[in-house]
Amino acid sequence: MTSITIEQAARTFGSVRAVDGVSIAIRDAEFFTLLGPSGCGKTTLLRMVAGFCDLDSGRVLFGDKRIDTLPPHQRNTGMVFQNYAIFPHLRVGDNVAYGLKARNVPADARANRIARELKLIQLEGHEGRWPHQLSGGQLQRVAIARALAIEPNVLLLDEPLSNLDAKLRIEMRGEIRSLQKTLGITVIYVTHDQDEALSMSDRIAVMRSGRVEQIGAPAAIYQTPATPFVAKFVGA
């Protein structure tokens, strides 16, 4: 398990202050959600943790180890993208094994992990299928299995359900949360969907214009908003 500390993280793109001095402490095995409208900085902050976006200032730590100076492949994070990012020319098993091959994991160990992850996401027997033979929900499960196969310390999810229909989104919420509890892994989850955040999270950080407006448990965010923006954005 891994705790995450973000200290005064900042990033500017031209004249836009995308992330403006954000500090967050995320606990071991916590399901932590970054919630806010488009353009509030939540995805930029997630990409800073993943290593896909440099910090202008501040730092990020996993446990006691500073990781913002490391390249992405040395941070041991698994990333799930909004558009799945499944390789269309690779079968399901090879998609799941992609990160393992990059880490030179032996073939026998790769096969065992593929089988384990596909069982975990309830897609046993789908190793040989092509991505075009899968539904949207199945593709998202494959993306999650690929991220988990490398046994990451931290799982990062960037709007992973936004391309699914309403009924499937609700089903996948429960599956992702159940997986997280089963594995005891630390998760940072990005969404603009208030219902999603309130139903899945241990704690939520509501963001606006690159800053954190409030951090708290779902009930606290909903019942006792700290600012008018939080009240308007999260409330009915």
message = Give the lysines reachable from residue 232 as a straight Cα distance under 26 Å; neighbours fewer than 8 places away on the same chain don't count.
response = 42, 167
key: Where the Cα pairs of the range 1-98 fall when distances are cut into 5 Å bins, in %   = 3, 11, 20, 23, 18, 13, 8, 4, 1
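Write down Rg/Rh for the range 1-55, rounded to two decimals, with Rg from the C-alpha atoms and Rh from the Kirkwood relation over Cα pairs.
Details: Rg = 11.5 Å, Rh = 11.9 Å.
We get a ratio of 0.97 for the range 1-55.
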inquiry  = For residue 181, give me every one of the lysines with a C-alpha distance below 18 angstrom, ignoring sequence neighbours fewer than eight places off in its own chain.
reply    = 119
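So what is the calculated 222 nm ellipticity per residue for the chain, using -39500 (n - 2.57) for each DSSP H run with n of 4 or more, over all residues, to the nearest 500 deg cm²/dmol?
Values: 8 runs with 86 residues, N = 236.
So the helix-based figure for the chain works out to -11000 deg cm²/dmol.
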The range 109-154 - Rg over Rh from alpha carbon coordinates, Kirkwood radius = 0.96
query = How would 15, 162, 209 line up by accessible area, probe 1.4 Å, largest first?
reply = 15, 209, 162
ask   = Once the other residues with Cβ under 14 Å from the Cβ of residue 45 are scored (Lys, Arg +1; Asp, Glu -1), what is the net sum?
value = -1
query = Where Lys and Arg each count +1 and Asp and Glu each count -1, what net charge lies around residue 219 among other residues with Cβ under 13 Å from its Cβ?
reply = 0
message = Can you give me the distance in nm between label points at residue 23 and residue 83, each placed 7 Å from the Cα along the Cα-to-Cβ direction?
response = 3.7 nm
remark   = Fraction of alpha-carbon pairs in the chain farther than 31 Å apart, rounded to whole percent, equals 22 percent
query = In whole Å, how far is the Cα centre of the range 1-41 from that of the range 145-185?
reply = 19 Å
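Using a Förster distance of 30 angstrom, determine the FRET efficiency expected from the C-beta separation of residue 61 and residue 226, and round it to 0.05.
Details: r = 26 Å, r/R0 = 0.85.
E between residue 61 and residue 226, to the nearest 0.05, is 0.75.
How large is the Rg to Rh ratio of the range 79-171 when both quantities use alpha carbon positions and Rh follows Kirkwood?
Dividing the radius of gyration by the Kirkwood radius yields 0.95.
So how strong a dipole does the chain carry about its Cα centre when Lys and Arg Cβ are +1 and Asp and Glu Cβ are -1, to the nearest 20 debye?
On the way: 28 positive and 24 negative charges, 46 e Å.
That gives a dipole near 220 debye.
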request  = Report, largest value first, the span of the C-alpha coordinates of the range 187-236 along each principal axis, in whole Å.
outcome  = 27, 23, 16
inquiry  = As a test question: what accessible area, to the nearest 10 Å², does residue 224 have when a 1.4 Å probe is rolled over all protein chains in place?
reply    = 90 Å²
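So what's the net charge close to residue 83: Lys and Arg +1, Asp and Glu -1, counting the other residues with Cβ under 13 Å from its Cβ?
Numbers: positive: none; negative: 158, 159.
Net charge in that neighbourhood comes out at -2.
The values are calculated or read from the model by the stated rules, or taken from the named source; none is laboratory data. Because the structure is a prediction, the values reported are computed rather than measured. Backbone-built Cβ (ideal geometry, glycine too); neighbour counts: all protein chains shown. Side chains are part of the model used for accessible areas, which takes the heavy atoms of the whole protein and leaves out ligands, DNA and RNA. Shrake-Rupley method; radii C 1.70, N 1.55, O 1.52, S 1.80 Å.
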